[in-house]
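What follows is one structure encoded as structure tokens, with my remarks underneath.
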Amino acid sequence: MSNTLYYFHDPMCSWCYAFQPTLKQISEQLPEGVGIIKLLGGLAVDSDEPMPGDMQQNIQDGWQRIVQRVPGTQFNFDFWNHCKPRRSTYPACRAVIAARLQGSGNDELMTQAIQRAYYQQARNPSDNSTLIELAVEIGLNEKQFHDALLSDEVDELLKNEIETTEEMHIDSFPSMVLKVDESFWPVAVEYTDPQKVLESITFLLEN
């Protein structure tokens, strides 16, 4: 497809969570002939280490800023008391790919399930056990998902998506880039104004 909107994200990125409703509207209203490809950027590598207290506070402060900037976004701050936070989002990224292997659209369902679990239900998507629970909840085959989640194949697919993200010089999430023929154009993220994003895409297509 010559015209493609690339969307770079991480399922445990709080700003991606805030952008999700607007992204849905953008995806549904893209100009004819424009497809969308979602790529995982991978915010934080695998780690069993507990998240330092200052980092926990910084992330909670970030949640508060999002609530102010993106009205309607809700966070369950019980997460910080009920879970043992780790700075590790690669497992959640692998879960999105493992879900995708069971059929088109399952990656989106898994992304939404991870965001719902993390931000609304105070569950920890850094834990494989949580991710397997979510897979079952969205109707995936548990054994197939478990095996894929831990497989070298899925790990390699994630590395490839992260490499593509880096090659396109993406350094923050969410980010969007529009490919028009052989040219690539950054598209500004507007958290509360899907029409403004769509107008930018139309402008790039016509010029």
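Residues in the stretch 33-78 that are over 19 Å from the mean Cα position of the chain (by Cα) and hydrophobic (A, V, I, L, M, F, W, C): 34, 51, 55, 77.
Given the structure, is residue 85 buried (at least 21 other Cβ atoms within 10 Å of the Cβ) and under 30 Å from residue 153 (Cβ atoms)? Steps first, please.
Details: buried (at least 21 other Cβ atoms within 10 Å of the Cβ): no; under 30 Å from residue 153 (Cβ atoms): yes.
Judged against the criteria, residue 85 is not a match.
A count restricted to the stretch 45-66 and to residues that are in contact with a Phe, Trp or Tyr (Cβ under 7 Å, 6 or more places away or on another chain) and surrounded by 11 or more Cβ atoms within 10 Å (Cβ to Cβ) stands at 5. In the stretch 5-40, how many residues are surrounded by 14 or more Cβ atoms within 10 Å (Cβ to Cβ), without any contact (Cβ under 8 Å) to a residue 60 or more places away in the chain, assigned to a helix (DSSP H, G or I) and of a type outside the set (Gly, Ala, Ser)? Qualifying residue count for the region: 1. You will find that of 137, 206, 153, the residue that is charged (D, E, K, R) and either in contact (Cβ under 8 Å) with a residue 24 or more places away in the chain or crowded, with 18+ Cβ neighbours inside 10 Å (or both) is 137 and no other.
Any idea which residue in the stretch 185-203 is nearest to residue 73 (Cα to Cα), counting only those that are free of Cβ contacts under 8 Å to residues at least 60 places away in the same chain and not in a helix (DSSP H, G or I)? Break it down stepwise before answering.
As a first pass, look at the stretch 185-203 and keep what is free of Cβ contacts under 8 Å to residues at least 60 places away in the same chain: 185-186, 188, 195-196, 199-200, 203.
Next cut, not in a helix (DSSP H, G or I) only: 185-186, 188.
Numbers: 185: 28, 186: 25, 188: 20 Å.
This residue is 188.
A short reminder: the numbers here are calculations on the coordinates, not readings from a lab. Computed from a predicted model, the values in this text were never measured in an experiment. Reconstructed Cβ throughout: ideal geometry from the backbone, glycine too, with neighbour counts over all protein chains shown.
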